[in-house]
Amino acid sequence: MVSINFVGDIALFKIFEEKGIDPFKEVNLPQSDYNIGNFEFTIPNNREKHFFDVSGNYRTSYNFLKELQLNKFDAFSLANNHCMDYGAAGCKDVMSVLNQKKIDHFGFGKKNFNLLTITIKGVSFAVIAFVKQGRWNRNQDQKVGPDSYQVNEIIDEIERLKQTHNHVIVFPHWGTELVDVPDPKDVTNARAFIDCGATAVIGHHPHIIQGIENYNNGLIAYSLGSFVYVPEKEVGYSILQGESRNYSICLNLKFNSKSIIEFESFIYKYCKNSHIPKEIDKTEVEEYLNKINKNINQVGSYSKRVREQLLIREVKSFVHRFKDSPIKTIIHYFKYIKFSHIKKLIK
């Protein structure tokens with residue numbers, strides 16, 4: 001039997017360095033053979049920011065990064081919407097530190113897909129990470145970047161990998177921030193990934209827990225929430241976002257060579273005083289967890305939650321950006337807001 005822990009976003013806010021906190025040292029994980037998380041922020045070595053609106057709160061110094069006990073984790077995905085905040089060179093700076101500490105990384109490179117392939121106790125795994133489309137994707141100027149959410153390519157890759165690995169795990173950075181109902185398109189695609197051979201689909205990015213379901217002998221966790229994260233330092237944060245964003249899941253999966261034989265969701269709660277997630281008794285939030293599991297198939301609930309939560313945050317974010325750089329902010333929103341975003345609000 002092989003045991004692997006999965007957590008969501010790990011974001012090294014500046015406040016950790018200001019207070020001398022090593023979140024990796026302080027956090028406690030369930031016992032396992034291997035730990036995987038999403039490395040959310042780029043920590044560059046003296047690089048200029050690549051996008052005009054990158055917050056100075058979203059990074060520690062490079063020297064501080066090198067001193068952290070990153071080895072609490074065995075592998076990090078780099079496929080997320082912040083990986084290009086300081087260009088490809090900034091992400092390579094992070095990769096250099098991980099290489100020095102002999103920590104695996106995946107989801108970032110010259111082309112789809114930069115995989116994590118491991119064998120533990122004779123059981124082989126391939127892990128695919130990717131991020132939805134945005135300004136962080138590879139382009140003519142940036143030849144290197146995160147692996148991309150291209151459904152047909154992902155399905156082809158799962159089918160190929162399944163021929164040579166016991167398990168294929170999909171670890172996507174997707175969904176809608178602050179919305180505890182998965183995007184209906186992600187539900188459809190997650191099930192398609194299981195249908196074509198993936199053992200599990202384990203998502204992150206929304207900064208909030210979304211539901212978990214068993215599907216066709218596989219497991220889908222749509223969002224684990226943010227694991228190491230300081231929400232009050234986030235651009236657009238409001239106390240109106242509620243208590244639910246303080247919870248996250250460490251998902252422990254136990255495998256044999258053929259399937260998942262057991263899984264357990266360990267619930268963590270963000271402690272505002274220490275800025276560290278602490279494990280809690282999940283019976284404290286059992287009613288909430290049952291509710292979000294039921295919401296998986298409620299398409300109407302998704303648009304309602306987008307209107308209730310995301311719209312407020314985006315207005316606050318717009319005001320924050322506009323104060324710093326009015327023209328660039330207007331250009332940014334006109335460039336990246338699509339009709340699909342409007343549809344999410346009015347359905």
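Points to keep in mind about this one:
- In straight-distance terms, cross-link reach from Lys233 covers every one of the aspartates and glutamates whose alpha-carbon lies under 12 Å from its own, apart from those fewer than eight places away in the same chain; here that gives an empty set.
- Of the residues Asn137, Tyr268, Ala200, the one whose Cα sits farthest toward the positive end of the charge dipole of segment 2-295, with +1 on the Cβ of Lys and Arg and -1 on the Cβ of Asp and Glu, is Asn137.
- Links that overshoot a 28 Å alpha carbon limit, given the list Lys19/Lys111; Lys66/Lys328; Lys92/Lys269; Lys132/Lys304; Lys101/Lys282; Lys278/Lys304: Lys19/Lys111; Lys66/Lys328; Lys92/Lys269; Lys101/Lys282; Lys278/Lys304
- Pair Asn297, Tyr215: separation of 7 Å Cα→Cβ label points (nm): 1.2 nm
- Cα shape, segment 1-125, gyration tensor, a/c 1.5 rule: oblate
- Estimated at 0.36 nm per residue, the fully extended path between Lys254 and Arg160 surpasses their Cα-Cα distance by 31.5 nm.
- The 3J(HN,Hα) values that the Karplus relation (6.51, -1.76, 1.60; θ = phi - 60°) gives for segment 108-121 are, in residue order, 9, x, 7, 7, 5, 10, 9, 8, 9, 10, 9, 10, 10, 6 Hz. Gly and Pro appear as x.
- Here the spin labels are modelled as points 7 Å beyond Cα on the Cα-Cβ line, and at Asn273 and Ser238 they lie 2.9 nm apart.
- Relative packing of peptides 268-280, 87-99, 166-178, 147-159 - highest average C-beta neighbours within 10 Å first: 166-178, 87-99, 147-159, 268-280
- HN-Hα J in Hz across segment 185-200 - Karplus 6.51, -1.76, 1.60, θ = phi - 60°, x for Gly and Pro: 5, 5, 4, 4, 6, 4, 5, 5, 5, 5, 4, 8, x, 5, 7, 8
- Each Lys and Arg adds +1 at its Cβ and each Asp and Glu adds -1 at its Cβ; summed about the Cα centre, the chain shows a dipole of about 920 debye.
- Candidates Leu98, Gly8, Tyr237 compared by Cα position along the dipole of segment 2-295: farthest toward the positive end lies Leu98, with charges placed on Cβ.
- Antiparallel DSSP beta bridges within segment 2-295, percent to nearest 5: 55 percent
- Per-residue HN-Hα couplings for segment 294-299 [Karplus 6.51, -1.76, 1.60; θ = phi - 60°; Hz; x = Gly/Pro]: 5, 6, 3, 9, 9, 4
- Note: relative contact order over segment 110-260, using C-alpha pairs below 8 Å and six or more positions apart, is 18 percent.
- Three-way shape label, the chain, alpha-carbon gyration tensor, a/c 1.5: rounded
- Near the amide H of Phe130, within less than 5 Å, lie the amide hydrogens of Phe171, His173, all on another chain or at least 5 residues away, with H placed in the peptide plane.
- Distances between placed amide hydrogens fall under 5 Å for Gly203 paired with Ala221, Tyr222, Ser223, Leu224, all partners being 5 or more residues away or on another chain.
All of the numbers you see were taken from the coordinates with simple rules; none came from a lab. Quick caveat: nothing in here was measured; it's all calculated off a predicted structure. Note that each Cβ is placed from the backbone with ideal geometry, even for glycine, and that neighbours are counted across all protein chains shown.
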